[in-house]
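Peer 1: The structure under discussion is supplied below as structure tokens; questions concerning it will follow.
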Amino acid sequence: MTASTKPETRPGNPRFSSGPCAKPPVFTLDRLADAPLRRSHRAAVGKEKLKAAIEGTREILGVPDDYRIGIVPASDTGAVEMAMWSLLGARTCEMLAWESFGAGWVTDAVKQLKLDATVREADYGEIVDLSQVDFDADVVFTWNGTTSGVRVPDGAAIPDDRAGLTICDATSAAFAQDLPWEKLDVVTFSWQKVMGGEAAHGMLILSPRAVERLESYTPPWPLPKIFRMTKGGKLNEGLFEGATINTPSMLCVEDYLLALDWAREIGGLEGLKARADANAKAVWEFCEARDWIENLAKDPATRSNTSVCLKFTDARIADGAAFAKAVAKRLEAEGVALDVGAYRDAPPGLRIWCGATVELADIEAMLPWLDWAFETQIAEQAQAA
């Protein structure tokens with residue numbers, strides 16, 4: 001392919017953003033017609049919808065029956081903050097970070113909560129050595145680094161007899177990767193990632209050990225109303241039955257219910273994982289066949305199958321950041337790949353969302369355009385020189 005030759009095929013859906021992500025392929029606005037708009041979320045119809053969202057989450061993800069599931073405000077961020085502010089401080093703490101959101105949780109623990117935490121960090125494209133982590137402390141980490149494209153390969157390093165709590169931000173992992181529930185005490189995610197739901201709603205999942213901590217420990221700092229999960233020293237069970245802390249959008253709830261129905265239609269969690277795996281594999285194989293681009297994740301065992309982060313490696317590139325932005329801009333201008341630039345805090349490159357709502361055919365149609373955009377930008381750079 002020459003720099004002047006554009007591919008003939010275009011993706012049917014060019015949306016490869018890492019959040020909000022592409023809607024499920026079956027999505028149409030008229031399928032949200034059953035949303036109880038202009039009705040109270042505390043009315044019977046609202047409660048029924050919220051309960052269905054909680055039960056559907058448990059069903060598709062295989063969450064144990066004795067784990068609580070709640071719908072909380074402020075997306076995944078709100079869910080993580082609720083967990084940190086409510087649970088940390090009872091034991092020593094270890095904060096693990098290998099991308100920007102994990103680094104944000106470190107900042108909150110050290111500078112806001114002022115905990116004397118052990119901080120373990122790894123560069124983009126790597127994860128920390130989990131064998132060195134003290135799981136008798138409370139441990140906070142992301143399962144899948146949305147901005148770095150790396151994930152925890154499995155839960156083998158987490159002991160079953162740990163004394164501390166594991167608090168896991170799983171927002172780009174839930175519904176696309178296996179989560180070993182027996183290893184995780186708090187799991188958070190948002191609808192806007194793998195399920196392609198609308199933003200602003202988070203999910204908070206608590207193990208019995210996490211509930212025990214909530215009922216036996218009172219943090220020394222004030223808790224805002226939206227963080228409070230107990231009443232009179234006992235868990236507020238209503239929060240985990242659909243009685244949300246603040247007013248949810250019933251339109252967003254309906255959208256999530258549609259995504260859950262679609263997940264059932266394609267085989268549940270196994271079907272979701274298979275779609276993400278196939279999408280990511282297509283991108284990985286594209287990179288392996290070229291000497292100018294590669295996966296940011298250094299170890300294939302830790303490669304994300306959802307947020308696939310790439311870096312340009314061609315020696316001819318004079319300014320990596322400018323080159324990557326120019327390629328992403330070309331793809332957007334052609335309408336073949338939207339929002340694929342690397343996260344602002346990440347190394348220069350591209351980030352292609354490969355979660356389950358993305359169609360493999362769209363990935364396959366987009367990749368030749370990446371060839372074109374690269375060659376075109378290289379040619380333009382040479383001409384400018």
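The values are calculated or read from the model by the stated rules, or taken from the named source; none is laboratory data. Bear in mind the structure is a predicted one, so any value in this text is a computation, not a measurement. A quick note on method: Cβ atoms are made from the backbone with ideal geometry, for glycine too, and the neighbour counts reach across all protein chains shown. Note: areas computed on protein heavy atoms with side chains; ligands, DNA, RNA excluded. Shrake-Rupley method; radii C 1.70, N 1.55, O 1.52, S 1.80 Å.
Peer 1: Please report the antiparallel percentage of the DSSP beta bridges confined to the chain, to the nearest 5.
Peer 2: Bridges in the chain that DSSP calls antiparallel: roughly 60 percent.
Peer 1: Find, among the trypsin sites (Lys or Arg not before Pro) in the range 6-58, those assigned to loop by DSSP (not H, G, I, E, B) with at most 14 other beta-carbon atoms within 10 angstrom.
Peer 2: Within the range 6-58, the qualifying trypsin sites (Lys or Arg not before Pro) (loop, at most 14 other Cβ atoms within 10 Å) are 38, 39, 42.
Peer 1: Now for a separate question. Amide H neighbours of residue 72 under 5 Å, counting only residues 5+ apart in sequence or on other chains, H built in-plane at 1.01 Å?
Peer 2: The list, which skips near neighbours in sequence, is 202, 203, 204.
Peer 1: Now, a different point. Averaged across orientations, what area in nm² does the convex hull of the alpha carbons in the range 177-332 project? Can you show the working numbers first?
Peer 2: Working: hull surface 55.6 nm².
Seen from a random direction, the Cα hull of the range 177-332 projects 13.9 nm² on average.
Peer 1: In addition: Counting only protein heavy atoms and a 1.4 Å probe, tell me what percentage of the range 198-256's accessible area is made up of carbon and sulfur. Walk me through the intermediate numbers first.
Peer 2: Values: 1520 of 2770 Å².
Carbon and sulfur atoms account for 55 percent of the accessible area of the range 198-256.
Peer 1: Hey, could you grab the Kirkwood Rh for the range 134-184? Inverse mean 1/r over distinct alpha carbon pairs, Å, one decimal.
Peer 2: By the Kirkwood definition, the hydrodynamic radius is 11.3 Å.
Peer 1: Given the pairs 193/298; 114/231; 231/273; 51/225; 23/183; 23/273, which are separated by over 28 angstrom at their Cα positions?
Peer 2: In this structure, 231/273; 23/183 exceed 28 Å between Cα atoms.
Peer 1: Where q = 0.16, 0.19 Å⁻¹, what log10 of I(q)/I(0) comes from the Debye formula for the range 194-263, counting one point per Cα?
Peer 2: Ignoring solvent entirely, the Cα scatterers give -0.70, -0.89.
Peer 1: Determine ³J(HN,Hα), in whole Hz, for all residues of the range 180-193 in sequence, where each value follows from phi through the Karplus function 6.51 cos²θ - 1.76 cosθ + 1.60 and θ = phi - 60°; x replaces Gly and Pro.
Peer 2: So the J values, rounded to whole Hz, are x, 4, 5, 9, 10, 9, 9, 10, 10, 6, 10, 5, 6, 8.
Peer 1: Can you tell me the equivalent ellipsoid semi-axes for the range 288-385? Use √(5λ) from the Cα gyration tensor, largest first, whole Å.
Peer 2: Rounded to whole Å, the semi-axes are 22, 16, 12.
Peer 1: I've got another one for you. Tell me which chymotrypsin sites (Phe, Trp or Tyr not before Pro) from the range 61-169 have a DSSP coil assignment and no more than 12 other beta carbons within 10 Å of their own.
Peer 2: The qualifying sites: there are none.
Peer 1: In whole Hz, what ³J(HN,Hα) sequence does the range 368-382 give by Karplus (6.51, -1.76, 1.60; θ = phi - 60°), x for Gly and Pro?
Peer 2: Calculated HN-Hα couplings, in order: x, 5, 5, 3, 4, 5, 5, 4, 5, 5, 4, 5, 5, 4, 5 Hz.
Peer 1: Under the rule of at least 5 residues apart or a separate chain, name every residue whose amide H is placed under 5 Å from the amide H of residue 307.
Peer 2: Hits under the 5 Å cutoff: 354.
Peer 1: Using helices alone, I'd like the mean residue ellipticity at 222 nm for the chain: each DSSP H run of four-plus residues gives -39500 (n - 2.57), total over residue count, nearest 500.
Peer 2: Value at 222 nm, helices only, nearest 500: -10500 deg cm²/dmol.
Peer 1: Can I ask one more? List the residues, sorted by chain then number, that are 5 or more residues from residue 163 or on another chain and whose placed amide H is less than 5 Å from its amide H.
Peer 2: HN-HN under 5 Å from residue 163: 136.
Peer 1: In whole Hz, with x marking every Gly and Pro, tabulate ³J(HN,Hα) for the range 218-226 from phi via Karplus 6.51 cos²θ - 1.76 cosθ + 1.60, θ = phi - 60°.
Peer 2: 10, x, x, 9, x, 10, x, 3, 6
Peer 1: Could you tell me what a quarter of the Cα convex hull surface of the range 27-90 works out to, in nm² with one decimal place?
Peer 2: Quarter of the Cα hull surface area: 6.5 nm².
Peer 1: Can you give the Kirkwood hydrodynamic radius of the range 37-140 from its Cα pairs, in Å with one decimal?
Peer 2: Numbers: mean 1/r = 0.0617 Å⁻¹.
Computed over the range 37-140, the radius equals 16.2 Å.
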